[in-house]
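The values are calculated or read from the model by the stated rules, or taken from the named source; none is laboratory data. None of the values given here were measured: they were computed from a predicted structure. Quick reminder, even Gly has a Cβ in these numbers, built from the backbone with ideal geometry, and neighbours come from all protein chains shown. With ligands, DNA and RNA removed, areas are computed over all heavy atoms of the protein, side chains included. Shrake-Rupley method; radii C 1.70, N 1.55, O 1.52, S 1.80 Å.
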Amino acid sequence: MNLKLICFGTLAWLSAGTPASAQEVPYFVTYSHHMEEPGSLEIGTKMAIGKPRNPGHRFFADSTEFEYGTTAWWTTELYVDVTGTKDESTVFGGFRLENRIRPLMREFWINPVLYFEFEDINGADKSVLEVVGHDAAADFVDDVQQTRQEKKREVEFKLIFSSDVKGWNFSENLIFEKNLNNSPWEFGYALGASRPLRLRASAAACTFCLDNMSTGAELYGGLGDRYTSGLHNTSQYAGPVAQWQIPNGPRFSFETGFGLNSYSLPHIVRIGVAYEFDQIFRRKGGLR
Amino acid sequence: MRRTVLCLALILGSTSTWLAASDSNGAWQSKVPQKDRVRVNPQALDPQAVEAGAVVFARHCASCHGSDAAGLGKHPSLRSARIHQASDGEIQWLLRNGSLAHGMPAWSGLPEIQRWQIVRYLHSLPQEGNRPR
């Protein structure tokens, strides 16, 4: 009863906010320098669907995302992961808490962002929100009931660089990750490029206008670890991404990632849905 | 150790205070480079730019500045004399860079042409105090 009340109250509180659309890029793995607007909360879900080569089973991983703009230069995000595997079971994958900070207060040709994350996940998590070290398709084959026993408490740092040039966004991420269980540092990267299908806004509000849609591509993969850095025995993925922002409504994203070598999954299909609640803590009818 | 933490907190606190003070009361205008200040709005002659700017404004700006741009809560009015007297280039620069220390996000992710459309819309609004009743 209490849980129902809490859920109802939370939904009512969130629906009191007005929906907004942010300047989001369509990437699933790569981060740009665009932060969440201060005071806005975005709730989204990122699904990854894939199948390792035999004898692996098809899997479905979902990351529910709560992204809050703490200030105009600081964004906080919480992910909660769930993974389901065909013919096995659906398990809780863990959570991730991340913070992104823009150290420079103005736009430059290349804009840096500092990213800090703590992950408390288990070995069954298959959300593939980043690829580091020697992550491999073989990691997706083992039985979920076994892999969920493996605890992964990790810290992750990303150095994000991003530029906006003539409507295009170009983003480059360097990833440094360490399992706190005395494992070596692992490295990875993610690159993204995207552009709205039309730069000029329409004079009339419309749902299917091309300026509400954007497309691009992502390339990401591991770069080995402290002792064996490089591309050898690493997973690499590339694929097109697309996004459709319904004005004052949800945002839909889609990506088909292709594994570029035998160490990678053959493909990962990603689907994202997000909705932004604007100014959720704002007092109604404040002073002007 | 405690002293180091205290020093770091002091540095962070004073930096944010300085950032907050340095941009207040429209001080952002003094930061606009001259080449940006004198830029000509490429949408100046487009008859549909005001309507398009209104659409973009409603989508991205109205939630903070109000649907009538008259300000909302602590977010300032965009019908003020300062905005009316600012050049197209200055407002475009502010939209692109934001005023991050004051909560105004950078809208560099919006295509530049849409920022110019917003500028056309803002300059088409009646100034505060001169609004028709």
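Here are some notes:
- Filter result (open to solvent by 60 Å² or more (accessible area, probe 1.4 Å) and either within 18 Å of the chain's Cα centre (by Cα) or touching a residue at least 60 places away in the same chain (Cβ under 8 Å) (or both)) within region A:58-67: A:Phe60, A:Phe66
- Residue, surrounded by the most Cβ atoms within 10 Å (Cβ to Cβ), within region A:193-206, restricted to residues that are of a type in the set (Gly, Ala, Ser) and within 13 Å of chain B (Cβ to nearest Cβ): A:Ala201
- Condition met for B:Ala44 (assigned to a loop (DSSP other than H, G, I, E, B) and open to solvent by 30 Å² or more (accessible area, probe 1.4 Å)): yes
- Qualifying residue in region A:207-228 (condition: farther than 22 Å from A:Val25 by Cβ, part of a strand (DSSP E or B) and open to solvent by 60 Å² or more (accessible area, probe 1.4 Å)): no
- For region B:60-88, residues that are more than 10 Å from every other protein chain (Cβ to nearest Cβ) and either in contact with a Gly (Cβ under 7 Å, 6 or more places away or on another chain) or open to solvent by less than 30 Å² (accessible area, probe 1.4 Å) (or both) total 8.
- Filter result (away from chain B (no Cβ under 14 Å) and either under 13 Å from A:Tyr27 (Cα atoms) or assigned to a strand (DSSP E or B) (or both)) within region A:162-180: A:Glu172, A:Asn173, A:Leu174, A:Ile175, A:Phe176, A:Glu177, A:Lys178, A:Asn179
- Some residue of region A:167-174 being of a type outside the set (Phe, Trp, Tyr), within 29 Å of B:Ala52 (Cα to Cα) and in contact with a helix residue (DSSP H, G or I) (Cβ under 9 Å, 6 or more places away or on another chain): yes
- Residue satisfying all of: in region B:89-103; aliphatic (A, V, I, L, M) and out of contact with any strand residue (DSSP E or B) (no Cβ under 8 Å at 6 or more places or on another chain); nearest to the other protein chains (Cβ to nearest Cβ) among these: B:Ala101
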